[in-house]
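Visitor: My structure is below; once you've seen it, I'll send some questions.
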Amino acid sequence: MVGDQALVAEPPESRPHHDRVLCSGPRCSIRPGRFVARGLEGTNIVIRQKTWSVSLALLGALAASSGRLAHAQTYVLQTFTRQQVTDVYYSEGIGVGDLNRDGHADLVYGPYWFEGPKYEARHEIYSPKPQNREGYANHFFAWVYDVNGDGWNDILTAGFPGTPGFVYENPRAEGHSAHWSRHEVFPHVCNESPQFTNLVGDGRPELVCTLDGFFGYATIDPEKPFAAWTFHPISKKVAPVPFGHGLGVGDVNSDGRLDVLMKDGWFEQPASLDQAEIWPFHAVPFCPIGGADLFAYDVDGDGDNDVITSLAAHDFGLAWYEQMSEGGQARFRQHLIMGDRPAQNRYGIVFSELHSVNLADIDGDGLKDIVTGKTYYSHHKASPMWDAGAVVYWFRLRRTPEGVDWVPYKADGESGIGRQLVVTDINGDGLPDIASGGMKGAHVLIQHREAVDKTRWEAAQPKVAHAEVKPPVRGAEGHFDRATGRVRGAIEAEALTVVKARSGQTGTQPMAGFLAGRWSGDAQLFWSGGKPGDRLELSFDVPMSGRYEVRAAFTMARDYATVQPFLDGQPAGKPLDLYNYPDVISSGEFALAAGTLDAGTHRFALAITGANPSAAKAYMVGIDYLRLVPR
């Protein structure tokens, strides 16, 4: 079966100028970026992403072979061929690695391993039992690694969150007709995005997960590899048990040490690893609902690492967070790649259930691309758009003079993904392929490349549907008093007198649990049940006559309304769109009106005028505070 066609490479003339490197002197040191030498009948020799020293004599030889550096342009299309290894649901994840030492990558899917390169012959690791698609599998993750160092790859597995981690010991060629010996190495693997990677630089991978409410990692004793692995907590007891979404490993602060990322921030690996030491935590609301794997990667090429993740494993959203320095402190600004409506993606793409994300250079341009898809039926019919197609997409990273662009290409429309998505060269041709396992069984998507003419190349391009995906308009940051947790001079909205609400109900809502924002006094006045045309009137007191600028802060969320503020019956500023996806955030302060206010009681009102086209039409309104600034 053949998957959907996808475009790979951008034409050379569209590459930004900062990717081109000029050389001088007897040797040329090429910095990270792209240098394309054309010659030898138009062949492109592309050097990307690493620092190389290239002899000018070599470049001269290339030029001489064709008389000059050719100017022909190469256009390449990519396709992915889908092979369904099995349609039976055994696992939420899949592993890839050479298990029989024949030089071909094999697949691990639940109780079976499938022999590469054809994946037709299968062998039992343990007794197989098809899993209930209306429930969840007892097998979630598989990693292929030579745990005991005997030269034969073993299999590390993690089951339903909160169940043990096992190593299945490779019985070597003479034992592959029998079940593999199983060793319990970890009591409870928690979090739905555990990682098995070399975190601490000791040359061996560690299992990064949570245990009993602690974030941490488990190390292997090379002298006793099948004994219980040692868990090293790096946090206080803050992790959900046994579930939790969102976990990753990457060097966030570019100090050469890998850090641990989670949905609410990141743990900085210290210079010295003391087993009793808690790693410093930096709070950043990457995905407060909890998404999938998190990555630290320099998306925009400015020299510091940004963060990439999905926003909600069983809902919508994909984003990258730009790292910036403000006042010597690192700050992260969200850039939404894909939301819950077509209008929130530049190319009109939307799908749900991004429970697994991977990062790999799919098209060979030296920049890492995002690979993800729909974790089909992940919460059965409870997830939005659960039946909208089991797609797999890769988003090509382009750095342009106008900024970062993520171009979406459908790799397949039938396989979907599970909780674990593997991107590696499966068939040994040098191109990254995709392996996935989940409710629809196990699949491999093998990449192919084809040189085409410009017309065919352009016809295969995803078309821009929305010229710009604008972030929500927000006001200025409020100045919080550290001692009180309130904005200085704020008149808390929850303390205002409700004069009249045409419909619905009002009340005080605690806001401390919404980690993506901050509210004065950790509370807001919440108005729900209203509809377009309805009006809420409040009263507040001015202690002294004078000229004031009236400011106000609100709440923004996916089901909030567009409102028109009024001051003493007159419109105060323009209508405010309080929609935001996916997080509940503070709007910051908006300057609404300026003028003379007499001492005494005044009226502040909000009228619901509608809602953002992308908003859920619940027309909710939240007011954090008013603030009077003397002029």
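The values are calculated or read from the model by the stated rules, or taken from the named source; none is laboratory data. Only a predicted model underlies this, so the values are computations on that prediction, with no experimental measurement involved. Glycine gets a Cβ as well: all are built from the backbone with ideal geometry, and neighbour counts include every protein chain shown. Note: areas computed on protein heavy atoms with side chains; ligands, DNA, RNA excluded. Shrake-Rupley method; radii C 1.70, N 1.55, O 1.52, S 1.80 Å.
Visitor: Which stretch or stretches of region 165-190 have amide N atoms under 14 Å from the point lying 7 Å from Arg101's Cα along the Cα→Cβ direction?
Guide: Only 170-176 pass the distance filter.
Visitor: Could you tell me which of Leu318, Pro233, Ala594 has its Cα farthest along the dipole of the chain towards the positive end, charges placed at Cβ (Lys, Arg +1; Asp, Glu -1), taken about the Cα centre?
Guide: Going by the Cα projections, it comes out as Ala594.
Visitor: Still on this model: For Lys410, give me every one of the aspartates and glutamates with a C-alpha distance below 12 angstrom, ignoring sequence neighbours fewer than eight places off in its own chain.
Guide: Asp4
Visitor: Could you work out the relative contact order of region 354-491? I mean the mean sequence separation of Cα pairs under 8 Å and 6+ apart, divided by the number of residues, in percent.
Guide: 17 percent
Visitor: Can I ask one more? Taking every Cα atom in the chain, find the radius of gyration and the maximum pairwise distance Dmax, and write them in Å.
Guide: Rg, Dmax (Cα atoms, Å): 27.7, 93.
Visitor: Which whole-number percent is the relative contact order of the chain (Cα, under 8 Å, 6+ apart)?
Guide: 11 percent
Visitor: Among 306-315, 617-626, 395-404, what's the highest-first ranking by average C-beta atoms within 10 angstrom per residue?
Guide: Order by mean packing, descending: 306-315, 617-626, 395-404.
Visitor: Also, quick follow-up: Using the Cα centre as the reference, give the magnitude of the dipole from point charges on the C-beta atoms of the chain (Lys, Arg: +1; Asp, Glu: -1; all else neutral), rounded to the nearest 20 debye.
Guide: Value, rounded to 20: 1820 debye.
Visitor: Would you mind getting me the FRET efficiency between Gln84 and Ser177? Use the beta-carbon distance for r and R0 = 41 Å, nearest 0.05.
Guide: Taking R0 as 41 Å, the efficiency between Gln84 and Ser177 is 0.95.
Visitor: Same structure, new question: For the pairs Lys374/Lys454; Lys381/Lys617; Lys440/Lys463; Lys381/Lys440; Lys263/Lys574; Lys118/Lys440, note any where the Cα-Cα span goes beyond 26 Å.
Guide: Long pairs (Cα-Cα over 26 Å): Lys374/Lys454; Lys440/Lys463; Lys263/Lys574.
Visitor: Beyond 22 Å, what percent of the Cα pairs of region 258-371 remain?
Guide: 38 percent
Visitor: Which angle from 0 to 90°, rounded to the nearest 10, does the C-alpha axis of helix 56-66 make with the longest principal axis of the chain?
Guide: 70 degrees
Visitor: Per residue, how much accessible area does region 317-361 have with a 1.4 Å probe, in Å²?
Guide: Heavy-atom accessible area per residue stands at 36 Å².
Visitor: Classify region 87-219 as rounded, prolate or oblate from the Cα gyration tensor: take a ≥ b ≥ c as the square roots of its eigenvalues, call it rounded if a/c is under 1.5, otherwise prolate when a/b beats b/c and oblate if not.
Guide: Cα axes put region 87-219 in the oblate bin.
Visitor: How many Å² of accessible area per residue for region 76-216, probe 1.4 Å?
Guide: 38 Å²
Visitor: Can you give me the long-range amide H partners of Thr230? Hydrogens built in the peptide plane at 1.01 Å from N, cutoff under 5 Å, separation of 5 or more residues or another chain.
Guide: Thr219, Asp221
Visitor: Divide by every residue of the chain the summed helix terms, -39500 (n - 2.57) for each DSSP H run of at least 4, and state the resulting mean residue ellipticity at 222 nm, rounded to the nearest 500 deg cm²/dmol.
Guide: Computed ellipticity for the chain at 222 nm equals -500 deg cm²/dmol.
Visitor: Could I ask something else about it? Take the solvent-accessible surface of the protein heavy atoms, probe 1.4 Å, and return the percent of it on the chain that carbon and sulfur atoms account for.
Guide: 51 percent
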